[in-house]
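First the structure, in the form of structure tokens, and then the observations on it.
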Amino acid sequence: MHNINVKRLPNLAGIAAWDALLDSKTSYPELEGRQSADFAIIGAGFAGLSAARRLRQLAPEASIALIDAGSIGQGSAGRNSGFMIDLPHELTSEDYAGSAPNADHLITQLNRHAISFASEAVAEYGIPADFFRRDGKINGAASDAAHAQNYNYSTHLKTLDENYEMLDAQSMHDITGSRHYMSGLYTPGTVLIQPAGFVRGVADGLAQQVNIFERSPVTGLNRIEDGWSITTLKGQLDAGKVILATNGHLESFGFEKGRLMQLFLFACMTQELSDEAIKALGGTEHWGVTPSDPLGTTVRRISTKQGGNRLVVRTMSRLMPEMKTSRSQLKRAEKVMRNKFDTRFPQLADVKMQYAWDGHLCLAMNGVSVTHELEAGLYSACVQNGLGTTRGTLTGIAAAEQAVGVQSDVTHFFAAQSRPSRLPPEPLAKLGANMIIRWKEWRAHKE
Ligand SMILES: Cc1cc2nc3c(=O)[nH]c(=O)nc-3n(C[C@H](O)[C@H](O)[C@H](O)COP(=O)(O)OP(=O)(O)OC[C@H]3O[C@@H](n4cnc5c(N)ncnc54)[C@H](O)[C@@H]3O)c2cc1C
């Protein structure tokens, strides 16, 4: 495939709240006219930014261009819940546990490698420490079934020799201010990021050494004699080697069709809490609760250090092979999220939601990423599954290492993965998957 016409461009709904909370933002130019670079990276999320940073480390003299269709911080990398999790986080399992302890040991080690890489960027680029907090996370349980899932997961953690703490209902109330949870499983290794603040901070740190282009959707990619020519709406860039870091939009470039699950998730954020609301809420200033059932609801409390005293709720997911949701789907999601919020925080009935949005993640049915040389000089750092913060960082590192011919534990991990398994044909895949998701969401309704 030497001439690629990009079939779809990113299309996300709602305001990217985390980005809207930031006060100072650098804007990067659009790609215009004819340009060139030794390496070009398409996509400036976790994967693209990590690829750029790793390339700088490995090839400090090389010229590097980083191109994004939108504004950095407003894509899915800036629209998530900000849990950079070190432990196995298998969304398709009942309780996040992976399978064999050996495989989970390896995943945990690699996730921690990604977290260290991100942490070094925070230090090197002077990103505010409160955009990258080592708070850990709690798997909240609101039913006996969820409590049992937490218990199963804790047994699994014990076999992995990982630290954890079981919290009772009172401790959950003391931390979150909510009486909704009957128990929780705390693990210390998760970093809670201000996602837009983090990715913008990394981009700003790289900007001295990397040419960054925003609002420059890539519409075509053509093989040329000594590399690839990238066409954007207003310009063209020729590069010796190209890394595709577009997650699910790998498919829009014509790769892995019929093998990728394009999942859209919804989230919302409250208005700034008044002093009275903060008092009525109680609890502590910073915490993050993931549901003990993967199809439940995630909640975070943030403070002025991340952009305001607010609560952030994420729930509902839908498989969207067309890679966009509708206005009515976002409206429906807003109602569901409001309901989840009211159940947890009846004392905050007067607090309004200021923002609601969707975002895109990409799963393979067999949990693999696509991180290899797709064609000569064209590399992929895509398909992050449920944990795009850490997995995205790892795929970016791997693609940069592959592009300069370096081997490491990270490249070996991806080299050993098989291809994403084939999905049933459409519309069966979408109908079937959404029926299963709805059923699991219904089953996890309290979570
Ligand atoms: C509501 C929500 C909550 C989430 N919570 C978490 C969480 O707590 N923890 C976690 O680990 N993950 C979470 N995720 C998933 C996570 O956000 C993604 O997996 C992650 O963003 C993937 O990173 P990435 O760099 O691979 O892709 P992306 O962040 O999607 O970046 C890809 C970039 O490619 C660009 N692009 C695509 N096509 C083109 C083109 N043609 N031309 C130019 N640029 C292009 C896009 O504009 C985009 O900026 C969540 C996702 C959502 C939606």
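The values are calculated or read from the model by the stated rules, or taken from the named source; none is laboratory data. As the structure is a computational prediction, the values presented were derived from the model and not from experiment. Every residue, glycine as well, gets a Cβ built from its backbone with ideal geometry; the counts of neighbours run over all protein chains shown. Only protein heavy atoms, including side chains, enter the accessible area calculation; ligands, DNA and RNA are left aside. Shrake-Rupley method; radii C 1.70, N 1.55, O 1.52, S 1.80 Å.
Name the long-range amide H neighbours of residue 167: under 5 Å, sequence gap of 5 or more, or other chain; modelled H, no Pro or chain starts.
Those qualifying (amide H under 5 Å, at least 5 residues apart or on another chain) are 184, 185, 186.
Dividing the Cα radius of gyration by the Kirkwood radius, what Rg/Rh value follows for the stretch 161-249? Present the calculation step by step, with values, prior to reporting the outcome.
Details: Rg = 22.8 Å, Rh = 18.0 Å.
Here the Rg-to-Rh quotient is 1.27.
So which lysines can residue 25 reach, going by Cα to Cα under 24 Å and dropping same-chain residues fewer than 8 places off?
Candidates past the 8-residue exclusion: 234, 305.
Which whole-number value in Å² is the accessible area per residue of the stretch 1-144, probe 1.4 Å?
On a per-residue basis, the stretch 1-144 sits at 42 Å².
With both bridge residues required to lie in the chain, what share of the DSSP beta bridges run antiparallel, to the nearest 5%?
That works out to approximately 70 percent antiparallel.
Output the 0 to 90 degree angle, nearest 10, between the alpha-carbon long axis of helix 101-125 and the longest principal axis computed from the alpha carbons of the chain.
The helix 101-125 is inclined about 70 degrees to the chain.
Calculate the FRET efficiency for residue 331 and residue 436 from the Cβ-Cβ distance with a Förster distance of 35 Å, rounded to the nearest 0.05.
Once rounded, the FRET efficiency stands at 0.90.
If you build a Gaussian network model of the chain, linking Cα atoms that sit under 10 Å apart, which residue out of 186, 379, 125 swings the most?
For the chain, modelled as a Gaussian network with Cα springs under 10 Å, the answer is 125.
Using amide H atoms built 1.01 Å from N in the peptide plane, name the residues 5+ places from residue 40, or on other chains, whose amide H lies under 5 Å from its own.
Hits under the 5 Å cutoff: 65, 241, 242, 243.
For every helix of n ≥ 4 consecutive DSSP H residues, a contribution of -39,500 (n - 2.57) applies; sum these over the chain, divide by its total residues, and give [θ] at 222 nm rounded to the nearest 500 deg cm²/dmol. Numbers along the way, then the final one.
Values: 11 runs with 143 residues, N = 447.
So the helix-based figure for the chain works out to -10000 deg cm²/dmol.
If you average the alpha carbon positions of the stretch 317-395 and of the stretch 238-300, how far apart do those two centres end up, in angstrom?
Comparing the Cα centres of the stretch 317-395 and the stretch 238-300, I get a distance of 5 Å.
Using a 10 angstrom cutoff on alpha carbons, build the Gaussian network for the chain and name the most mobile of 168, 23, 238.
Looking only at 168, 23, 238, the biggest GNM fluctuation is shown by 23.
Given the options 176, 393, 219, state which has the largest fluctuation in a GNM of the chain using a 10 Å cut-off (strictly under) for Cα springs.
Highest fluctuation of the listed residues: 219.
Work out from phi, with θ = phi - 60° and the Karplus expression 6.51 cos²θ - 1.76 cosθ + 1.60, the ³J(HN,Hα) of each residue of the stretch 301-311, listed in order in whole Hz, and give x for Gly and Pro.
Karplus-based 3J(HN,Hα) across the stretch 301-311 equals 10, 10, 10, 4, 6, 10, x, x, 7, 8, 10 Hz.
Answer rounded, prolate or oblate for the stretch 37-164, using the Cα gyration tensor with square roots of eigenvalues a ≥ b ≥ c: rounded when a/c is under 1.5, else prolate when a/b is larger than b/c, else oblate.
Taking the square roots of the gyration eigenvalues as a ≥ b ≥ c, the stretch 37-164 is prolate.
Going 7 Å from the Cα of residue 404 toward and past its Cβ, which residues in the stretch 234-248 have a backbone nitrogen under 20 Å from where you end up?
Within reach of a label on residue 404, which here means backbone N under 20 Å from a point 7 Å along Cα→Cβ, the stretch 234-248 contributes 239-245.
Whole-Hz ³J(HN,Hα) for each residue in the stretch 186-191, computed from phi via Karplus 6.51 cos²θ - 1.76 cosθ + 1.60 with θ = phi - 60°, x for glycine and proline: what do you get?
8, 10, x, x, 6, 9
Would you please report the Å³ per residue occupied by the convex hull of the alpha carbon atoms in the stretch 265-424?
So the per-residue Cα hull volume is 160 Å³.
Can you give the FRET efficiency for residue 222 and residue 152, using 1/(1 + (r/R0)^6), R0 = 56 Å, r = Cβ-Cβ distance, to the nearest 0.05?
FRET efficiency, residue 222 to residue 152: 0.65.
Residue farthest toward the positive end of the dipole of the stretch 136-286, with Cβ of Lys/Arg at +1 and Asp/Glu at -1: which of 263, 218, 248?
218
Whole percent per 10 Å bin, from 0 to the bin with the longest distance: what is P(r) over all C-alpha pairs of the chain?
In order of increasing distance, the bins hold 4, 22, 33, 26, 11, 3, 0 percent.
Could you give the length gained on full extension between residue 303 and residue 34, defined as 0.36 nm per residue of separation minus the Cα-Cα distance, in nm?
92.4 nm
Describe numerically, in nm with one decimal, the distance between label points set 7 Å from Cα along Cα→Cβ at residue 5 and at residue 428.
Modelled inter-label distance: 3.0 nm.
For residue 173 and residue 234, FRET efficiency with R0 = 45 Å and r from the beta-carbon atoms, rounded to 0.05? Write down the numbers at each step before the final one.
Numbers: r = 54 Å, r/R0 = 1.21.
Efficiency at R0 = 45 Å is approximately 0.25.
Quick one: what are the phi-derived ³J(HN,Hα) couplings along the stretch 14-31, Karplus 6.51/-1.76/1.60 with θ = phi - 60°, whole Hz, x for glycine and proline?
Whole-Hz 3J(HN,Hα) from phi for the stretch 14-31: x, 7, 6, 4, 4, 6, 5, 6, 6, 8, 10, 9, 8, 9, 9, x, 7, 7.
For residue 208 and residue 20, calculate 0.36 nm times their separation in residues minus their Cα-Cα distance, and state this gained length in nm to one decimal.
65.2 nm
Give me the accessible area of residue 418, 1.4 Å probe, in Å² rounded to the nearest 10.
70
Rounded to the nearest percent, how much of the accessible area of the chain (1.4 Å probe, protein heavy atoms only) is carbon and sulfur?
52
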